[in-house]
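Following: one structure in C-alpha cells, then a few remarks.
The values are calculated or read from the model by the stated rules, or taken from the named source; none is laboratory data. All figures in this text were calculated on a predicted structure; none of them were measured in a lab. Note that we place each Cβ from the backbone using ideal geometry, even for glycine, and neighbour counts take in every protein chain shown. Only protein heavy atoms, including side chains, enter the accessible area calculation; ligands, DNA and RNA are left aside. Shrake-Rupley method; radii C 1.70, N 1.55, O 1.52, S 1.80 Å.
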Amino acid sequence: MQRYLALDFIRGCAILGILLLNIVGFGLPSAAYLNPAWRGSLSLSDAWTWAVMDGLAQLKFLTLFALLFGAGLSLQISRGSRWISARLSLLVLLGFIHAIFFWEGDILLDYGLIGLIIWRMLREVPSDKALLQTGTLLYLMGCGVLLVFWGISSTEPGRSWLPGAADIEYESYWKLIGGWEAVQNRFDHLSSSLMALAAQYGWQLAGLMLIGAALMRSGWLKGEFSVQHYRRSAALLLTMGWLIAIPGIVAQWLLDWEFRWSGFLLQLPRDLASPFVSLGYAALCFGFWPQIGHTRFSHAIQCVGRMALTNYLLQTLICTTLFYRFNLFLKFDRLHLLALVPAVWLVNILFSVLWLRYFPQGPMEWIWRKLTRLAAGKPENSPRIR
C-alpha cells in the first residue's frame with residue numbers, strides 16, 4: 001500500500017497533541033481531567049490554562065486520531081477479514097494490558113472494540129456519501145446521549161467530579177504504591193469506561209471512524225484537493241468549531257464548573273465543535289504541505305506518526321515513571337504540567353527519528369504486524385507498506 005506522508009505528519013501531530021491533555025490525567029487526580037475546579041476552587045492560571053487547552057486541544061486531537069484510525073481501516077479492507085479481525089483483536093488485547101497494568105486512561109481498547117464493529121460497514125457500504133452520513137448520524141447520537149444523561153443525572157456532584165480529601169489521598173496512595181491495589185482500581189475504572197463506551201462515547205467513536213473512512217475514500221484525506229480548497233476549508237472549519245466551543249468554555253467558567261451544568265450539558269459544545277476543529281487542523285496541514293512537506297521538522301513529525309503506537313505507549317512509560325515512581329503525582333498545577341510536555345515530545349521525536357534510520361517500523365508496530373500475520377495465517381511475503 002502507498003504511504004501518505006502528509007497523513008503520517010498529521011498522525012504525528014495527533015499523538016503529540018494528545019499528551020497536552022493526558023499529562024493532566026497522569027499528574028493530577030482523574031477528576032481534574034474535565035473539572036479544573038476539582039479542589040473546589042482554582043487559581044487564575046489554572047483557569048486560563050484549562051480554557052486555552054479546552055479550546056485548542058481537549059478532545060480535538062483524540063477526534064483527529066479517531067478520524068485517521070477510520071481512514072487507516074479503510075486502507076486495510078483489501079487485506080481481508082482475517083487480517084483486520086486479527087489486527088483489531090490484538091489491539092484490544094494490548095489495550096486491556098495497557099489499561100490494567102500501566103494506565104487507566106487507555107484508548108487502544110476502545111479503538112479496537114469499535115473497530116471490530118464498524119470495519120464490516122466500511123466493506124459493505126460502497127458510497128462515500130452514505131458512509132459520511134452514517135458517521136455523522138452516529139456521532140450526533142452520541143452527543144444526544146449527553147443530553148439524556150444531563151436530564152436523568154443528579155444535580156449533586158459525585159466523587160468523580162468533586163472528590164473529597166480522603167478520595168484524593170486514596171487515589172494518590174494506589175497510584176504511587178502500585179501492585180494489586182492499583183490493578184483492582186484500574187479494573188474498576190475499566191468497567192466504568194466500557195459502560196461509557198457502550199452508552200455514549202462508542203457512538204461518537206464509531207461515527208468519527210466512518211467519517212474518516214469516507215474522507216479517505218473521497219480523496220480529501222489523501223490531499224487530492226487543491227491547496228486553496230484546504231486553506232479555505234481550514235478557515236471555515238476552525239471558525240465554525242471555535243464559535244461553537246467558546247460559549248461552552250465561557251459558560252462553564254461563569255458557572256464555576258458546577259456539576260449540574262458542566263457535568264454533561266456544557267460538555268456538548270466541545271463535543272459538537274471537535275470534529276470541525278480537528279478537520280480544520282488537518283486541512284491546515286494539507287493547505288501548507290507544499291511549504292512544510294520537505295522540511296526537517298516535517299520529517300521528524302512524520303517519524304512520530306509512523307510509530308504512533310510505540311510513541312503512545314512510550315508516553316505512558318515516561319509519564320507513569322515520572323509521576324508514580326518518582327513521586328511527582330500532585331506536585332504540579334495545570335500550567336506547570338504543560339511545561340513538562342515539550343520534554344516528552346523531544347523524547348518521542350528523537351527516538352522515532354533514530355529508530356527509523358535503522359528499521360522500517362517502530363518496535364510495537366513490528367510486533368503488532370508479526371502477531372497479526374501469525375493470527376491471520378498470512379505469509380511473510382504479503383504486501384508491505386512502502
Apportionment of accessible area to carbon and sulfur, the stretch 252-386, percent (1.4 Å): 69 percent
Assigned charges on the beta-carbon of Lys, Arg, Asp, Glu; the stretch 258-370 dipole about Cα centre (debye): 300 debye
Heavy-atom accessible area ranking, 1.4 Å probe, most first, across TRP368, TRP242, TRP48, TRP257: TRP48, TRP242, TRP368, TRP257
The chain, accessible area per residue, ligands and nucleic acids excluded (1.4 Å, Å²): 46 Å²
The stretch 1-129 - percent of accessible surface contributed by carbon and sulfur, probe 1.4 Å: 66 percent
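Could you give the size of the charge dipole of the chain about its Cα centre, using +1 on the Cβ of each K and R and -1 on the Cβ of each D and E, expressed in debye and rounded to the nearest 20?
Values: 31 positive and 21 negative charges, 360 e Å.
Charge dipole of the chain: 1720 debye, to the nearest 20.
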Solvent-accessible area of LEU59 with every protein chain in place, 1.4 Å probe, in Å² to the nearest 10: 30 Å²
Leading residue at positive end of dipole, the chain (Cβ point charges), from PRO29, LEU140, TRP261: LEU140
Sequence of SER193, SER154, SER78 when ordered by accessible area, the most exposed leading, probe 1.4 angstrom: SER78, SER154, SER193
Heavy-atom SASA rank of HIS189, HIS299, HIS98, HIS294 (probe 1.4 Å, accessible area, largest first): HIS294, HIS299, HIS189, HIS98
Per-residue [θ]222 nm for the chain (sum of -39500 (n - 2.57) over DSSP H runs n ≥ 4, rounded to 500): -24500 deg cm²/dmol
Among PHE65, PHE323, PHE288: highest mean-square fluctuation, GNM of the chain, C-alpha pairs under 10 Å: PHE288
Crossing angle, helix 179-196 versus the chain [Cα axis fit, 0-90 degrees, rounded to tens]: 70 degrees
On Cα atoms only, tilt of 296-306 relative to the major axis of the chain in degrees: 90 degrees
Heavy atoms of MET121 accessible to a 1.4 Å probe, total area in Å² rounded to 10: 60 Å²
Degrees, to the nearest 10: 81-101 long Cα axis against longest axis of the chain: 30 degrees
